[in-house]
1. Looking only at the range 199-234, which residues are open to solvent by 50 Å² or more (accessible area, probe 1.4 Å), assigned to a loop (DSSP other than H, G, I, E, B) and among the small types (G, A, S)?
2. For M128, indicate whether it is open to solvent by 20 Å² or more (accessible area, probe 1.4 Å) and farther than 22 Å from A218 by Cα.
3. Considering only residues that are farther than 24 Å from I35 by Cβ and in contact with a strand residue (DSSP E or B) (Cβ under 9 Å, 6 or more places away or on another chain), which ones fall in the range 204-230?
4. Quick one: in the range 46-65, of everything that is more than 20 Å from Y145 (Cα to Cα) and of a type in the set (D, E, K, R), which residue is surrounded by the fewest Cβ atoms within 10 Å (Cβ to Cβ)?
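The values are calculated or read from the model by the stated rules, or taken from the named source; none is laboratory data. Predicted model only: the values in this text are computed from it and were never measured. Backbone-built Cβ (ideal geometry, glycine too); neighbour counts: all protein chains shown. To get the accessible areas, we keep the full protein, side chains included, count just its heavy atoms, and leave off ligands, DNA and RNA. Shrake-Rupley method; radii C 1.70, N 1.55, O 1.52, S 1.80 Å.
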Amino acid sequence: MNRDVIIACDFSSAEETYRFLDLFSGEERKPFLKIGMELFYAEGPQIVREIKRRGHRIFLDLKLHDIPNTVRKAMAVLSRLDVDMCNVHAAGTIEMMRAAREGLTRPDGSRPLLIAVTQLTSTSEERMQRELLIGASINDTIVQYARNTREAGLDGVVCSPLEAGMVKEACGKDFLTVTPGVRFADDNTADQVRITTPARAREIGSDFIVVGRPITAAADPVAVYHRCLADFVK
């Protein structure tokens with residue numbers, strides 16, 4: 001699968017989102033977009049339908065994490081939205097991830113890409129061990145969560161770009177790595193702690209980078225998006 005840049009549309013309303021997307025109206029190839037909890041909870045499924053109508057691919061980032069039966073039923077609903085990628089938390093166990101895959105699979109056998117979050121890029125090893133009582137190193141934890149995800153039959157994981165290489169080594173080159181925590185060297189890191197640049201993410205092994213504020217808050221979002229593409233996709 002070819003590498004790509006996914007723009008995180010972390011907006012609070014449809015109006016704000018459409019104003020941003022209008023900046024890309026002249027683009028021959030519409031950007032791949034991430035719709036997260038804030039926008040989906042504010043606007044509901046209609047925001048997904050409208051953005052798909054405009055020709056964008058969508059990563060629906062809702063990070064489901066519940067008992068297997070609930071996740072299976074929720075994914076069956078999401079399967080009708082025609083998104084291109086969605087996700088769960090790998091911490092929900094192999095059984096839950098298998099249930100998610102079953103629910104997401106349509107009667108004709110098709111389904112969006114399904115990936116699992118390993119550890120959020122805002123989580124440091126110290127916090128993981130002290131607050132979550134996970135005694136292993138963060139790298140060992142992420143690799144094990146990735147192996148569980150592969151065993152459950154999912155397509156890949158969300159991890160920091162710093163861990164993409166070790167995930168590929170453990171799970172195979174075709175196992176997808178979707179990596180937030182990407183900033184240019186001159187950007188503010190905000191609340192993320194495990195980060196790197198688009199160029200370095202490409203070198204380490206990311207398949208998709210998810211970039212939000214460096215693009216959406218830029219004076220010229222289209223120019224910054226193309227800078228990301230130039231550095232990452234090449």
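1. A217, A219
2. Working: open to solvent by 20 Å² or more (accessible area, probe 1.4 Å): no; farther than 22 Å from A218 by Cα: yes.
Taking the combined requirement at face value, the residue does not satisfy it.
3. Correct list: I204, G205.
4. R53
For every residue, the table says whether it meets (1) among the small types (G, A, S); (2) farther than 25 Å from F232 by Cα; (3) open to solvent by 20 Å² or more (accessible area, probe 1.4 Å).
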residue: D4; (1), (2), (3): no, no, no
residue: C9; (1), (2), (3): no, no, no
residue: D22; (1), (2), (3): no, no, yes
residue: M37; (1), (2), (3): no, yes, yes
residue: G44; (1), (2), (3): yes, yes, no
residue: I67; (1), (2), (3): no, yes, yes
residue: T70; (1), (2), (3): no, yes, yes
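Yes or no, residue by residue, for (1) closer than 19 Å to D220 by Cβ; (2) in a helix (DSSP H, G or I); (3) in contact with a strand residue (DSSP E or B) (Cβ under 6 Å, 6 or more places away or on another chain):
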position	(1), (2), (3)
E15	no, yes, no
F24	yes, no, no
K34	no, no, yes
E38	no, yes, no
R49	no, yes, no
